[in-house]
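Worksheet: the structure to be examined is printed underneath.
None of the figures in this text is laboratory data; all of them are computed from the coordinates on show. Just so you know, these numbers come straight off a predicted model, no measurement behind them. Glycine also receives a Cβ, built like all others from the backbone with ideal geometry; neighbour counts cover every protein chain displayed.
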Amino acid sequence: MAKLNKNEVKTCKRLLAEYLDKNEVVTDPAKLEFAGVGDRDVYNITAPFEDEGELVIAGRVESRDSEHSHIMFFVERDGKWVPREGWPVLTLQDPFYTRVAGEIVVGGVEVYPHPSKSGALAWRTVMYKGEKLRDLSRFFTGPDGMKDLRIIELPDGSIAMFTRPQGEKGGRGKIGFARLASLADLTIEAVEAAPLLEGQFIDAEWGGANEPHLLEGGLVGVLGHIACFDEAGDRHYYPMVFAIDPYTGEFSDIELIAVRNRFLPGEAKRDDLIDVVFSGGLVRRKDGTAELYAGISDAEAHRITIPDPFLKYEKSKVLQR
């Protein structure tokens, strides 16, 4: 896959400096309030999407001292998001949403006992689909050890697929890409064969796609994250975007679109997770802004309004450096 800018790989440090230099306006920071989940946290949410005529948010629901989580679907009632009765509860982490062939596709990360390491856990991405949320059924189980597998339907019915292998192929986690003829071609073999987008991450850092967007003009805009450790071992996660031509494979440089202190203050699951912003979803608005929904510090769900990061790729209809 061809990176448009052939310069050196941009690290978290460089991307952060570039973002701060732009000094972009961020408005309307808000913490989303959830009810009906007891004392559990809701974080790593999707952006709102419609089902049965009502806006829905999928969120990761989890106790502060646990990694065992569920995906629940919430609707807004009197300023708070509450689980809607009759909708499924999935034993997954980190939900995502799209539509393919008119059907809802929802997925997340399934955690299970490691097949060869006693007492350890492993993970994989799974997907469900249905005409509406209450009709979801599981249709795909991804490769063991892979999070952040994402798909989006293109206008010709083909599927743009983003992968994130780890280990020998992807190190700590790099983004792969391939275009499939249809959803029927989504197989473990196709996922594992997807080539990496070279030059996005240094080996010490990692990242993944969170939410692809079909842009006017034919490009795909990708909302994702890039992450690193500091010298103390604390994690730093930043929301980022890039654009890709799904037919040629050319893609733009990563750029950050937010940092933790642009959101409201809040709690954290652990001290090493304070500077974690996990991109959930982006709602693009007609006024040139976008609402960014994100998980904050593995404990809360927040929203801010930012300049639409994909608008420039629609105005020019070409990839930019």
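Odds and ends about this structure:
- Listed by Cβ neighbour count within 10 Å, with the fewest neighbours leading, L292, L183, L154 appear as L154, L183, L292.
- Stokes-Einstein, applied to the Kirkwood radius of the stretch 1-117 over Cα pairs at a viscosity of 1.567 mPa s and 4 °C, places its translational diffusion at 75 µm² s⁻¹.
- Cα centroid separation, the stretch 143-207 to the stretch 101-131: 15 Å.
- Two-decimal Rg to Rh for the stretch 138-279 - Kirkwood Rh, Cα set: 0.99
- Out-of-range pairs (alpha-carbon distance over 20 Å; input K31/K132; K31/K174; K22/K312): K31/K132; K31/K174
- Longest segment of the chain lacking GluC sites (Glu not before Pro) that sit in a DSSP loop with at most 10 other Cβ atoms within 10 Å: 232-321
- The Cα-based radius of gyration of the stretch 179-219, divided by its Kirkwood radius, gives an Rg/Rh of 1.02.
- Note on S63, S137, S252, S297: ascending count of other Cβ atoms within 10 Å places them as S137, S63, S252, S297, the fewest first.
- Scattering profile of the chain at q = 0.07, 0.13 Å⁻¹ [log10 I(q)/I(0), Debye over alpha-carbon scatterers]: -0.25, -0.95
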